[in-house]
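Undergrad: Below you'll find the structure I mean.
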Ligand code: GLP
């Protein structure tokens, strides 16, 4: 595993964007696995800046997102579909038909998850998967005690995740209780993983994920077994790492 320490969120975002840019330049028709949350916003802003300068071309890039709330439609401003269009897709020359997010409006979980998993396979897999880290160690929406083998599936969100994500909704009651997410098995098949972590509030869970035992209680700990992981974190997030 390679670890890059950034001094702050902005430097973390720039470094992560550098890594994604390198992927796009080396393989213009690559498959990017993308994430939502506050962690990747700066990374997307940086990519847009380089696109505006003419340094990046998304015309052949394909993307698959990690997850989506079940029950939210595309127009809902809390859906991850909406988030991705707002922060990245509508700001660069990516072809909308080449961007994929699980369909939160499909009520049949088995059908949607099987469709999404097959879609990723048909694209030849993910070249680089961008990940944030949940406060309880989740990646995507794979909550603690998720099986490491699972592919895309429907999850019941934990109270701590609902609590953490309620800041984006009018109230905790408005946070959907379920989501579709790539499973750990799906994530682990990505050829490369790029994990970005920022802030002191994530320091302890980050240390547990990378220096603690590999356990389903800390879903991100499985990344210790991936052969090509890059962690880009700011100093605050790395403050509990033993060197
Ligand atoms: C959500 C997303 C995750 C994300 C996590 C952390 O639950 N499903 O993919 O990594 O939040 O979010 P943040 O970056 O805002 O801390």
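Undergrad: Within the range 14-24, can one find any residue that is more than 12 Å from the ligand (Cβ to nearest atom) and farther than 30 Å from residue 239 by Cα?
TA: For the range 14-24, residues more than 12 Å from the ligand (Cβ to nearest atom) and farther than 30 Å from residue 239 by Cα: present.
Undergrad: Identify all residues within the range 193-217 that are more than 14 Å from the ligand (Cβ to nearest atom) and crowded, with 18+ Cβ neighbours inside 10 Å; write none if there are none.
TA: 210, the sole residue that qualifies.
Undergrad: Would you be able to say whether some residue in the range 86-93 is within 14 Å of the ligand (Cβ to nearest atom), closer than 22 Å to residue 164 by Cα and touching a strand residue (DSSP E or B) at 6+ places or on another chain (Cβ under 7 Å)?
TA: Looking through the range 86-93, none of the residues is within 14 Å of the ligand (Cβ to nearest atom), closer than 22 Å to residue 164 by Cα and touching a strand residue (DSSP E or B) at 6+ places or on another chain (Cβ under 7 Å).
Undergrad: Still on this structure: Scan 21, 13 and give me the residue that is in contact with a helix residue (DSSP H, G or I) (Cβ under 7 Å, 6 or more places away or on another chain), in a helix (DSSP H, G or I) and surrounded by fewer than 17 Cβ atoms within 10 Å (Cβ to Cβ).
TA: 21
Undergrad: In addition: For the range 67-77: of the residues being assigned to a loop (DSSP other than H, G, I, E, B) and within 13 Å of the ligand (Cβ to nearest atom), which is modelled with the lowest pLDDT?
TA: Among them, the one singled out is 72.
Undergrad: Could I ask something else about it? With respect to residue 64, determine if the residue is under 22 Å from residue 227 (Cα atoms), within 16 Å of the ligand (Cβ to nearest atom) and outside any strand (DSSP E or B).
TA: Spelling it out, it is not the case that residue 64 is under 22 Å from residue 227 (Cα atoms), within 16 Å of the ligand (Cβ to nearest atom) and outside any strand (DSSP E or B).
Undergrad: Only one residue in 35, 22, 16 is over 26 Å from residue 114 (Cβ atoms) and touching a strand residue (DSSP E or B) at 6+ places or on another chain (Cβ under 7 Å). Which one?
TA: Matching residue, one of 35, 22, 16: 16.
Undergrad: Within the range 159-173, how many residues are exposed (fewer than 14 other Cβ atoms within 10 Å of the Cβ) and near the ligand (Cβ under 10 Å from one of its atoms)?
TA: Residues meeting the conditions: 1.
Undergrad: Further question: Quickly run through the range 112-158 and pick out the residues that are within 17 Å of residue 40 (Cβ to Cβ), in a loop (DSSP other than H, G, I, E, B) and within 11 Å of the ligand (Cβ to nearest atom).
TA: Residues satisfying the conditions are 132, 133, 134, 135, 138, 140, 141.
Undergrad: Restricting to the range 35-61, name every residue that is on the phi > 0 side of the Ramachandran plot and either in contact (Cβ under 8 Å) with a residue 24 or more places away in the chain or within 16 Å of the ligand (Cβ to nearest atom) (or both).
TA: Once the filter is applied, which keeps residues that are on the phi > 0 side of the Ramachandran plot and either in contact (Cβ under 8 Å) with a residue 24 or more places away in the chain or within 16 Å of the ligand (Cβ to nearest atom) (or both), the range 35-61 yields only 37.
Undergrad: Of all residues in the range 78-102, how many are touching a helix residue (DSSP H, G or I) at 6+ places or on another chain (Cβ under 8 Å), outside any helix (DSSP H, G or I) and surrounded by fewer than 15 Cβ atoms within 10 Å (Cβ to Cβ)?
TA: 1
The values are calculated or read from the model by the stated rules, or taken from the named source; none is laboratory data. Note that the structure is a prediction, hence the values are computed from the model and not measured. Because the Cβ atoms are built from the backbone with ideal geometry, glycine has one as well, and the counts that use them run over all protein chains shown.
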